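The values are calculated or read from the model by the stated rules, or taken from the named source; none is laboratory data. Quantities reported herein were computed from a predicted structural model and do not represent experimental measurements. Here Cβ is always computed from backbone atoms with ideal geometry, including for glycine, and neighbour counts include all displayed protein chains. Quick note on the areas: whole protein, heavy atoms, side chains included, nothing else; ligands and nucleic acids left out. Shrake-Rupley method; radii C 1.70, N 1.55, O 1.52, S 1.80 Å.
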Amino acid sequence: MQSSTSFLFVFLVLYLLSAFAHPGEGEDYLKVHKLPATSPYEDVLSFAYYYQKCPEAEAIINQKVAEWINKDYTLAASLIRLHFHDCSVRGCDGSILLNHEGSERKADVSKTLRGFEVIDDIKAEIEKKCPKIVSCTDILTAAARDATVSVGGPYWMVPYGRKDGLVSFAKEAQLVPMGHEDITSLVEFYQSKGLSVLDLAILSGAHTIGRASCGSIQDRLFNYSGTGKPDPSLDAQYLNYLKRKCRWSSDYVDLDATTPKTFDAEYYSNLPKKMGLLSTDEKLYSDPRTAPLVSALAYQPSLFFYQFGVSMAKLGNVQCLLGNEGEIHTNCNFVNSKY
């Protein structure tokens with residue numbers, strides 16, 4: 001085996017020397033080939049997709065996201081959530097952005113979604129520089145990444161080339177997990193998107209920032225499972241705090257009670273203390289399939305940071321429309337034929 005490896009190494013060295021010694025011979029093997037400006041490879045995601053078509057796209061997205069979050073830090077979590085809702089229905093296709101009667105955006109379960117104005121602002125600026133080139137779906141995907149970084153989270157590379165979808169139905173918005181499901185239902189939902197149990201545990205960690213409406217936890221505070229009593233899995237002090245914060249169902253409360261403005265692993269440290277806001281948060285720690293992951297992430301924040309970028313990249317690649325499967329919306333609120 002060793003002599004075979006040595007032979008291959010010597011052969012490779014001699015071949016390279018020969019190629020350099022006789023210019024022209026072997027040049028095609030040694031030079032770096034570049035795709036032309038109008039590449040025929042439109043049906044794949046690529047990190048260099050806009051390199052020649054719209055080189056300023058990422059810079060514009062980054063700048064605009066920073067401007068909006070500097071004015072309102074809560075938009076960071078909102079953009080991440082908006083991206084999750086988009087990819088949860090029909091895959092990442094920008095359908096959550098379509099603003100017409102009967103669309104996902106108009107569904108009752110979507111009423112607390114925010115960040116649409118950020119995407120509209122980014123799109124308008126990019127259209128000035130590169131009209132009809134950059135999809136709304138790509139903008140939302142990159143904005144979620146930049147929003148994460150803006151509050152101290154990890155950076156990950158985003159490949160581009162997604163096309164925007166042509167349909168959006170309000171009834172399908174009900175497919176998105178809302179914080180009341182059991183772990184089996186969540187695992188099945190994630191698996192249907194090509195995501196794993198690890199991705200479930202990691203992406204739940206986005207609750208390290210952001211808020212939830214008090215209406216979404218009323219049953220845990222006052223009438224758990226129809227008992228007329230609070231959820232016994234909630235820490236007593238935390239329960240009292242939530243009752244004070246949630247006098248009205250229209251109020252909001254932080255998902256992470258300890259460091260709500262910082263992207264960190266405290267969310268996982270809160271769960272063993274019975275301080276998970278949503279019932280799905282509590283179940284992550286009580287279910288044997290996810291409990292070991294919660295414990296590991298609580299004690300290894302660096303693991304959470306690394307894997308969050310990996311899991312978000314996977315989320316952004318869920319059932320994307322490529323090539324001729326969609327279009328580039330010129331306005332993220334409408335399909336082109338209706339704008």
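So the values come out like this:
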item	result
Residue within region 244-251 that is under 24 Å from A147 (Cα atoms), open to solvent by less than 70 Å² (accessible area, probe 1.4 Å) and among the hydrophobic types (A, V, I, L, M, F, W, C) present	no
Among the residues listed as L234, L284, the single one being in a helix (DSSP H, G or I) and either out of contact with any Gly (no Cβ under 7 Å at 6 or more places or on another chain) or on the phi < 0 side of the Ramachandran plot (or both)	L284
Conditions (1) open to solvent by 40 Å² or more (accessible area, probe 1.4 Å); (2) not hydrophobic (A, V, I, L, M, F, W, C); (3) not in a loop (DSSP other than H, G, I, E, B): number failed by D199	(1)
Selected residue [at pLDDT below 50, in contact with a Gly (Cβ under 8 Å, 6 or more places away or on another chain) and either open to solvent by 70 Å² or more (accessible area, probe 1.4 Å) or not in a helix (DSSP H, G or I) (or both)] from Y49, Y29, Y15	Y15
Options V176, V158, V149; residue that is without any contact (Cβ under 8 Å) to a residue 40 or more places away in the chain and either within 14 Å of A206 (Cβ to Cβ) or under 16 Å from the mean Cα position of the chain (by Cα) (or both)	V149
Lone qualifier among A296, A257 - being assigned to a helix (DSSP H, G or I) and closer than 23 Å to T148 by Cα	A296
Scope region 59-89; condition in contact with a strand residue (DSSP E or B) (Cβ under 9 Å, 6 or more places away or on another chain) and open to solvent by 40 Å² or more (accessible area, probe 1.4 Å); matching residues	none
Selection within region 220-237 - open to solvent by 40 Å² or more (accessible area, probe 1.4 Å) and in contact (Cβ under 8 Å) with a residue 24 or more places away in the chain	D235
Residues of region 160-175 satisfying the condition of being closer than 27 Å to Q52 by Cβ and either part of a helix (DSSP H, G or I) or open to solvent by less than 20 Å² (accessible area, probe 1.4 Å) (or both)	Y160, G161, R162, D164, G165
Residue match in region 180-192 (condition: surrounded by 20 or more Cβ atoms within 10 Å (Cβ to Cβ) and within 16 Å of the chain's Cα centre (by Cα))	yes
Selection status of V109, under 21 Å from F189 (Cα atoms) and open to solvent by 10 Å² or more (accessible area, probe 1.4 Å)	yes
Residue, modelled with the lowest pLDDT, within region 99-147, restricted to residues that are of a type in the set (V, I, T) and outside any loop (DSSP other than H, G, I, E, B)	V109
